[in-house]
Amino acid sequence: MSETLVETPKPTEPVEDGATEAKLHLWLVKEAMRQGEMRLTQQLEVANRARERATSLLGWSAAASAGLVAVAVQSPWRNLALFPAFAFVVCGLCCVIALWPRGMTSPGGYAAWLLKGPHPSEREVLEAMAKGMVETEAKNATAVSATIYPLKCAWVLFVTAALLGVLLTAF
């Protein structure tokens, strides 16, 4: 006899399969809508967090570049101080590119279409909306990538410029 750690109770009633056949398609469409709304909400959250980081980094890079330009004006190593200052300026430009509006679309936005006219059935309306969400997800994914990539470049430049600034002050 094989021993099991957990015994599975035998059901006394038949297990319900959930929606089947005709009702399954409607359930799938409703689930696709739910999943699409979650995905679009998540994409907007990622984009908003990236914008917050870009805004913060823009402020830091502006302050650091201004400070290094002030050092460059008064320092005998004027030319050396301009390298990290330039890197901070380029970092700021990358942040501006990351902050540029991308035309993200939020979940919803179907109210006017829904009110326009007769629709054949709940299933067909939800299918059309789910297909629209899939298209919106693809468009938003491109916009999120276009925001994240310059932000990553900005971080690399910021760290590089900071290291250059530290090396400059060491001498």
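Just a few scattered comments:
- Any hit, segment 138-155, residues being within 25 Å of residue 88 (Cα to Cα), of a type in the set (Lys, Arg) and out of contact with any Asp or Glu (no Cβ under 6 Å at 6 or more places or on another chain): yes
- For segment 136-161, the candidate set comprises residues that are among the aliphatic types (A, V, I, L, M) and farther than 26 Å from residue 33 by Cα; within that set, the residue that is surrounded by the most Cβ atoms within 10 Å (Cβ to Cβ) is 154.
- Subset of segment 81-113 (residues that are small (Gly, Ala, Ser) and either part of a loop (DSSP other than H, G, I, E, B) or closer than 21 Å to residue 146 by Cβ (or both)): 92, 98, 103, 106, 108, 109
- Test set (1) among the hydrophobic types (A, V, I, L, M, F, W, C); (2) surrounded by fewer than 18 Cβ atoms within 10 Å (Cβ to Cβ); (3) more than 30 Å from residue 32 (Cβ to Cβ) - residue 94 fails condition number: (2)
- Some residue of segment 76-83 being at pLDDT 90 or above, surrounded by fewer than 18 Cβ atoms within 10 Å (Cβ to Cβ) and not aliphatic (A, V, I, L, M): no
- Criterion (in contact (Cβ under 8 Å) with a residue 40 or more places away in the chain and touching a Phe, Trp or Tyr at 6+ places or on another chain (Cβ under 6 Å)) met by exactly one of 161, 130, 154, 143: 161
- Any chance residue 72 is surrounded by 15 or more Cβ atoms within 10 Å (Cβ to Cβ), touching a helix residue (DSSP H, G or I) at 6+ places or on another chain (Cβ under 7 Å) and among the small types (Gly, Ala, Ser): yes
- Residue match in segment 47-62 (condition: at pLDDT 90 or above and of a type in the set (Phe, Trp, Tyr)): yes
- Restricting attention to segment 27-58, the residues that are more than 10 Å from the chain's Cα centre (by Cα) and among the aliphatic types (A, V, I, L, M) total 8.
- For residue 38, the requirement of being under 30 Å from residue 128 (Cβ atoms), aliphatic (A, V, I, L, M), without any contact (Cβ under 8 Å) to a residue 24 or more places away in the chain and out of contact with any Ser or Thr (no Cβ under 6 Å at 6 or more places or on another chain) is met.
- Cβ separations smaller than 9 Å between residues 6+ apart or across chains give the following pairs from segment 3-31 residues that are part of a loop (DSSP other than H, G, I, E, B) to residues that are surrounded by 12 or more Cβ atoms within 10 Å (Cβ to Cβ) and at pLDDT 70 or above: 18/24; 18/27; 19/25; 19/26; 19/27; 19/28.
The values are calculated or read from the model by the stated rules, or taken from the named source; none is laboratory data. As the structure is a prediction and not an experimental result, all values here were calculated from the model. Note that we place each Cβ from the backbone using ideal geometry, even for glycine, and neighbour counts take in every protein chain shown.
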